[in-house]
Amino acid sequence: MTRLDFRKTVVIGRAERLWKLFGFSSPDELVLEDVALARGVIVTEGPLDSMEARLVRQGTRGLIRVKAGLPETGRKRFAIAHELGHWELHEDVSQLFACTGDDMAASYKTNIHEAEANYFASGLLMPRFLFMERVLGTRFSLGTLSDLAGFFGTSLTATAIAYVDTSDECLAVVAAQEGRIRWWRASTCFEDRFWLKAGARLSAHTVAAELPSGSRAQAPPEEVDMEAWSERGHKPGSDTFIEESMYMVQYGQVLTLLQLP
């Protein structure tokens, strides 16, 4: 286990201990505003400019403001849980955290503190002991992720990231906007073999490239050439990915799932 893997495990463990502390047994018992209040933090909703959420700390008391009008409940819940992660983990780092949507998709390769807040949020909203039980025997697909998101009260994006983070298979989730890859997250198996470039223009040979045109909002799984997505990587006997993509109108983004056939 690397140092980063160890830190990730510690952070998720901190989040899951709140389940034991409050005696939760199912996601519908997890009222984040109540958890925050018990930890000394008040949650409010109001206008924010370029941020989705903000945490202000003063001693043992804190205030989380979540941007009003976030397009789905799951995204709002993740924003609250993310700021709670900063509250629980980063007292010595800063007394103020202002987080964007991109921060909430961060990995250790970009910003370690935002990544830790994300792992905390994921562990709080989708604790591994429940998540792995629900994932067992499922297939990585938009249908599966939708079912999981409904059970845990999470967004499709956060659920997809949690799925690839816990998988031993070669899987990736990619967000694209205005024809370019905005960010991507993948399982260890996928990252060991393949690499996608954030900011790169989508190849015309991907399904994701055609969805924002309005011809269709969601496409069934299709085999696409690996080179249309990955800058490097090869699996003997295969030169394709299975791609499943959907256009999320409320965000103006395409969400793509990639896996080996």
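The values are calculated or read from the model by the stated rules, or taken from the named source; none is laboratory data. On a predicted model such as this, the values are computed, not experimentally measured, just so you know. When we count neighbours, we look across all protein chains shown, and the Cβ atoms used for this are built from the backbone with ideal geometry, even at glycine.
Couple of notes before you dig in:
- Take the conditions (1) of a type outside the set (Ser, Thr, Tyr); (2) touching a residue at least 40 places away in the same chain (Cβ under 8 Å); (3) closer than 23 Å to residue 76 by Cβ; residue 148 misses just one of them, which is (2).
- When 44, 9 are checked against the criterion of being polar (S, T, N, Q), surrounded by 12 or more Cβ atoms within 10 Å (Cβ to Cβ) and either free of Cβ contacts under 8 Å to residues at least 24 places away in the same chain or touching a Ser or Thr at 6+ places or on another chain (Cβ under 7 Å) (or both), a single residue qualifies: 9.
- Failed item in (1) modelled with pLDDT under 95; (2) farther than 26 Å from residue 101 by Cβ; (3) of a type outside the set (S, T, N, Q), with residue 24 passing the rest: (1)
- Screening the candidates 207, 164, 173 for the property of being in a helix (DSSP H, G or I), touching a strand residue (DSSP E or B) at 6+ places or on another chain (Cβ under 9 Å) and either modelled with pLDDT under 95 or not small (Gly, Ala, Ser) (or both) yields one hit, 164.
- Qualifying residue in the range 23-32 (condition: surrounded by fewer than 19 Cβ atoms within 10 Å (Cβ to Cβ), assigned by TED's automatic domain parsing to the domain that holds residue 70, over 21 Å from residue 62 (Cβ atoms) and acidic (Asp, Glu)): yes
- From 153, 143, residue being of a type outside the set (Ser, Thr, Tyr), touching a helix residue (DSSP H, G or I) at 6+ places or on another chain (Cβ under 9 Å) and within 27 Å of residue 221 (Cβ to Cβ): 153
- Yes/no for residue 66 being more than 29 Å from residue 150 (Cβ to Cβ) and aliphatic (A, V, I, L, M): no
- Checking 143, 123 one by one, the residue that is buried (at least 24 other Cβ atoms within 10 Å of the Cβ), under 30 Å from residue 208 (Cα atoms) and out of contact with any Cys (no Cβ under 9 Å at 6 or more places or on another chain) is 123 and no other.
- Just one of the listed residues (200, 208) is surrounded by 23 or more Cβ atoms within 10 Å (Cβ to Cβ), small (Gly, Ala, Ser), in contact (Cβ under 8 Å) with a residue 12 or more places away in the chain and not assigned by TED's automatic domain parsing to the domain that holds residue 75, namely 208.
Conditions tested, residue by residue: (1) over 22 Å from residue 6 (Cβ atoms); (2) of a type in the set (Lys, Arg).
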| position | (1), (2) |
| --- | --- |
| 46 | yes, no |
| 64 | yes, no |
| 67 | yes, yes |
| 74 | yes, no |
| 115 | no, no |
| 129 | no, no |
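- Failed item in (1) buried (at least 23 other Cβ atoms within 10 Å of the Cβ); (2) under 13 Å from the mean Cα position of the chain (by Cα); (3) not assigned by TED's automatic domain parsing to the domain that holds residue 36, with residue 149 passing the rest: (1)
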